[in-house]
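Student: One structure, pasted below without further comment.
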Amino acid sequence: MFVWTIKKLKSPIEYWHITTGEQARLRINGGLIKRPEKELPEEIIINSYVCIIDVPNINEYLKQIQKHGGNLAIEKKVIPNIGRLAYCFDAEKKLFDILQPDMSPR
């Protein structure tokens, strides 16, 4: 049986965080955003699944992403109780997200 919790976060967009297990155990967490009801303007780049990769130091990984042909898609943000988050494009313009976990409630 799944032991998941789904909680709406205070965020500029409607975002629901999904916790898939106990904090001390290995798990895959995730989130949901509301699917757009109409076609999005071109400048809105997040409209589907986004792969999130945990990193130990977001600033170092941003440097490595740029060094290898990727770039920043959305500025780095601090999400309280989650961590530091940045959306990036890889060298083939595929969107992904890097996250430096930080559970403090800033």
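Student: For the stretch 7-37, which residues satisfy the criterion of being at pLDDT 65 or above and open to solvent by 100 Å² or more (accessible area, probe 1.4 Å)?
Tutor: Kept after step one, since they are at pLDDT 65 or above, are these residues of the stretch 7-37: 7-22, 29-34.
Hits for the stretch 7-37 are LYS7, LYS8, LYS10, PRO12, GLU22, LYS34.
Student: Taking the stretch 43-80 as the search range and keeping residues that are of a type in the set (Ser, Thr, Tyr) and either open to solvent by less than 70 Å² (accessible area, probe 1.4 Å) or not in a helix (DSSP H, G or I) (or both), which one is modelled with the highest pLDDT? Don't jump to the end; show me each part of the working.
Tutor: Restricting attention to the stretch 43-80, the residues satisfying the condition of being of a type in the set (Ser, Thr, Tyr) are 48-49, 61.
From what is left, the residues that are either open to solvent by less than 70 Å² (accessible area, probe 1.4 Å) or not in a helix (DSSP H, G or I) (or both) are 48-49.
Values: SER48: 65, TYR49: 68.
Once the filter is applied, the top-ranked residue is TYR49.
Student: Sort out which residues of the stretch 82-102 are free of Cβ contacts under 8 Å to residues at least 60 places away in the same chain, closer than 21 Å to TRP16 by Cα and either touching a His at 6+ places or on another chain (Cβ under 8 Å) or assigned to a loop (DSSP other than H, G, I, E, B) (or both), and write them in order of number.
Tutor: Across the stretch 82-102, the qualifying residue is only ASP102.
The values are calculated or read from the model by the stated rules, or taken from the named source; none is laboratory data. Worth saying up front: this structure is predicted, and the values here are computed from it rather than measured. Backbone-built Cβ (ideal geometry, glycine too); neighbour counts: all protein chains shown. Keep in mind that these areas ignore ligands, DNA and RNA; they rest on the heavy atoms of the full protein, side chains included. Shrake-Rupley method; radii C 1.70, N 1.55, O 1.52, S 1.80 Å.
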